[in-house]
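S.K.: There's a structure below that I have some questions on.
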Amino acid sequence: MMKHLLAAGALCVLGTNAALAHITFETQEAPVGSTYKAVLRVPHGCEGKATTAVRVQIPEGVISVKPMPKPGWTLQIKKGKYEKSYQLYGETLTTGVKEVDWSGGNLPDEFYDEFVFRASLAADLPAGQMLYFPVVQECGDATDRWIEVPAPAQDEDALESPAPGIKLLPKK
């Protein structure tokens, strides 16, 4: 009897953790100096409500961003000046996409979807470190802010609303 209760308790805990899953990237590592296809996985809505907007902030060193349109959603990009200039295919880039916004859609809480953009990772990004992309998920009058970045030596799992991130690998 005790084994059955422990097994049932474990299933409840696992089920609860799955329900609290946060927005993550499908591919969670990429080499610096490469092109990265960012697939943001949105596993649920906010407080049981349907997702109606997803906004992702693009960190410094992520350049030449091109988001993929989604049928039924309005796609907007916000451009701005980079902190420094970057070289890409013989061109000097000083401005680019700083935020990607998908809005006006309707992703019910019980469904899962993906939001995609392509970008180049600057060759001078620090290999071995994490690079975080803060995301705001809107669900009508409810909002989830996946924007927390761990402090040095802090465990990412300790964060309540972690920003999705990728580990930067050495250049190939």
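The values are calculated or read from the model by the stated rules, or taken from the named source; none is laboratory data. The structure presented is a predicted model; accordingly, all values stated were derived computationally and were not measured. Here Cβ is always computed from backbone atoms with ideal geometry, including for glycine, and neighbour counts include all displayed protein chains. When the accessible area is computed, the model is the full protein with side chains, heavy atoms only, and any ligands, DNA or RNA have been set aside. Shrake-Rupley method; radii C 1.70, N 1.55, O 1.52, S 1.80 Å.
S.K.: Among what's in the range 1-11 and is open to solvent by 90 Å² or more (accessible area, probe 1.4 Å) and among the hydrophobic types (A, V, I, L, M, F, W, C), pick the residue that is modelled with the lowest pLDDT. Full working, then the answer.
M.R.: Taking the range 1-11 as the starting set, the residues that turn out to be open to solvent by 90 Å² or more (accessible area, probe 1.4 Å) are 1-6, 11.
If we keep only those that are among the hydrophobic types (A, V, I, L, M, F, W, C) too, we end up with 1-2, 5-6, 11.
Working: 1: 49, 2: 48, 5: 42, 6: 42, 11: 39.
It comes out as 11.
S.K.: Note down all Cβ pairs under 9 Å where the first residue falls in the range 48-63 and is within 14 Å of residue 100 (Cα to Cα) and open to solvent by 40 Å² or more (accessible area, probe 1.4 Å), the second is outside any strand (DSSP E or B) and of a type in the set (Phe, Trp, Tyr), and they're at least six residues apart or on different chains.
M.R.: From residues that are within 14 Å of residue 100 (Cα to Cα) and open to solvent by 40 Å² or more (accessible area, probe 1.4 Å), the pairs are 57/133.
S.K.: In the range 64-79, what residues are out of contact with any Ser or Thr (no Cβ under 9 Å at 6 or more places or on another chain) and farther than 9 Å from residue 98 by Cα? Steps first, please.
M.R.: Start the filter on the range 64-79 by keeping residues that are out of contact with any Ser or Thr (no Cβ under 9 Å at 6 or more places or on another chain), which leaves 66-72, 77-78.
66, 67, 68, 69, 70, 71, 72 - these are the residues of the range 64-79 that are out of contact with any Ser or Thr (no Cβ under 9 Å at 6 or more places or on another chain) and farther than 9 Å from residue 98 by Cα.
S.K.: Residue pairs, Cβ under 7 Å, 6 or more apart or interchain, first in the range 83-94 and open to solvent by 70 Å² or more (accessible area, probe 1.4 Å), second of a type in the set (S, T, N, Q). List them.
M.R.: Between residues of the range 83-94 that are open to solvent by 70 Å² or more (accessible area, probe 1.4 Å) and residues that are of a type in the set (S, T, N, Q), the close pairs are 92/85.
S.K.: Could you grab the pairs with beta carbons closer than 6 Å, sequence gap of 6+ or different chains, first residue in the range 146-172 and without any contact (Cβ under 8 Å) to a residue 60 or more places away in the chain, second one among the β-branched types (Val, Ile, Thr)?
M.R.: So the pair list comes out as 163/147; 163/149.
S.K.: Next question, about the same structure. Which residue is least open to solvent (accessible area, probe 1.4 Å), if the candidates are limited to the range 19-34 and must be over 16 Å from the mean Cα position of the chain (by Cα) and in contact (Cβ under 8 Å) with a residue 60 or more places away in the chain? Please lay out each step first, then the result.
M.R.: The first filter runs over the range 19-34 and keeps only residues over 16 Å from the mean Cα position of the chain (by Cα), leaving 19, 31-34.
Those left that are additionally in contact (Cβ under 8 Å) with a residue 60 or more places away in the chain: 31-34.
On the way: 31: 23, 32: 7, 33: 43, 34: 27 Å².
So, considering only residues that are over 16 Å from the mean Cα position of the chain (by Cα) and in contact (Cβ under 8 Å) with a residue 60 or more places away in the chain, the one least open to solvent (accessible area, probe 1.4 Å) is 32.
S.K.: Can you tell me which condition residue 112 does not meet? The list is (1) open to solvent by 70 Å² or more (accessible area, probe 1.4 Å); (2) hydroxyl-bearing (Ser, Thr, Tyr); (3) within 18 Å of residue 140 (Cβ to Cβ), and all the others hold.
M.R.: (3)
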